[in-house]
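Participant: The structure that follows is given in the form of structure tokens.
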Amino acid sequence: MSSTLREASKDTLQAKDKTYHYYSLPLAAKSLGDIARLPKSLKVLLENLLRWEDGESVTDEDIQALAGWLKNAQADREIAWRPARVLMQDFTGVPAVVDLAAMREAG
């Protein structure tokens, strides 16, 4: 058995001459139990935690707490969210920069 949930959920995908590595929620479910009913937003967070698990900032316990959200439905811990992409409606990003500047001025 793998020593971490991250290792247990890592899988590969072959496409043409390239190999890609990703973190599979179906593989993670073998260790975490039924995660199929989690909302899609929490599945995105779960995959992100699997990707960044390092035993310090993101631990197995963090991942298990998020996976067990349906049973416990508690928000009693913070997670180390590290977004890889941000999708924006406006492709120029100007409204986001204006919002960030306004938040800076308000703080």
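Participant: Could you please find all residues in the range 77-95 being over 25 Å from Tyr23 (Cα atoms) and of a type in the set (Asp, Glu)? Outline the logic, then answer.
Facilitator: Kept after step one, since they are over 25 Å from Tyr23 (Cα atoms), are these residues of the range 77-95: 89-95.
The one that is over 25 Å from Tyr23 (Cα atoms) and of a type in the set (Asp, Glu): Asp90.
Participant: Can you work out which of the residues in the range 52-107 that are under 12 Å from the mean Cα position of the chain (by Cα) and of a type in the set (A, V, I, L, M) is nearest to Ala8 (Cα to Cα)?
Facilitator: Of everything passing the filter in the range 52-107, Ile63 is nearest to Ala8 (Cα to Cα).
Participant: Of the residues that sit in the range 70-107 and are small (Gly, Ala, Ser) and touching a residue at least 12 places away in the same chain (Cβ under 8 Å), which one is surrounded by the most Cβ atoms within 10 Å (Cβ to Cβ)? I'd like the intermediate steps shown before the answer.
Facilitator: Step one: list which residues in the range 70-107 are small (Gly, Ala, Ser), which gives 73, 75, 80, 84, 93, 96, 101-102, 106-107.
If we keep only those that are touching a residue at least 12 places away in the same chain (Cβ under 8 Å) as well, we get 80, 84.
Values: Ala80: 14, Ala84: 8.
Taking the candidates together, the pick is Ala80.
Participant: For the chain, give me every one of the helices (runs of 4 or more DSSP H) that falls completely inside it and has 3 or more residues that are of a type in the set (Val, Ile, Thr) and modelled with pLDDT under 90.
Facilitator: Values: elements: 5-9, 25-32, 40-52, 60-67, 69-72, 94-106.
The qualifying helices (runs of 4 or more DSSP H) are 94-106.
Participant: Looking only at residues that are of a type in the set (Gly, Ala, Ser) and loosely packed, with under 12 Cβ neighbours inside 10 Å in the range 24-51, which one is nearest to the chain's Cα centre (by Cα)?
Facilitator: The first filter runs over the range 24-51 and keeps only residues of a type in the set (Gly, Ala, Ser), leaving 24, 28-29, 31, 33, 36, 41.
The next check asks that each one be loosely packed, with under 12 Cβ neighbours inside 10 Å; those that pass are 36, 41.
Numbers: Ala36: 15, Ser41: 9 Å.
Per the criteria, the residue is Ser41.
Participant: If you don't mind, another one. List every residue pair whose Cβ atoms sit under 9 Å apart, with the two residues 6 or more apart in sequence or on different chains, where the first one lies in the range 49-69 and is free of Cβ contacts under 8 Å to residues at least 40 places away in the same chain and the second, anywhere, is crowded, with 21+ Cβ neighbours inside 10 Å and among the charged types (D, E, K, R).
Facilitator: Close Cβ pairs (under 9 Å, with a partner that is crowded, with 21+ Cβ neighbours inside 10 Å and among the charged types (D, E, K, R)) amount to Thr59/Glu53; Asp62/Glu53.
The values are calculated or read from the model by the stated rules, or taken from the named source; none is laboratory data. These numbers come from a predicted model, not from an experiment. When we count neighbours, we look across all protein chains shown, and the Cβ atoms used for this are built from the backbone with ideal geometry, even at glycine.
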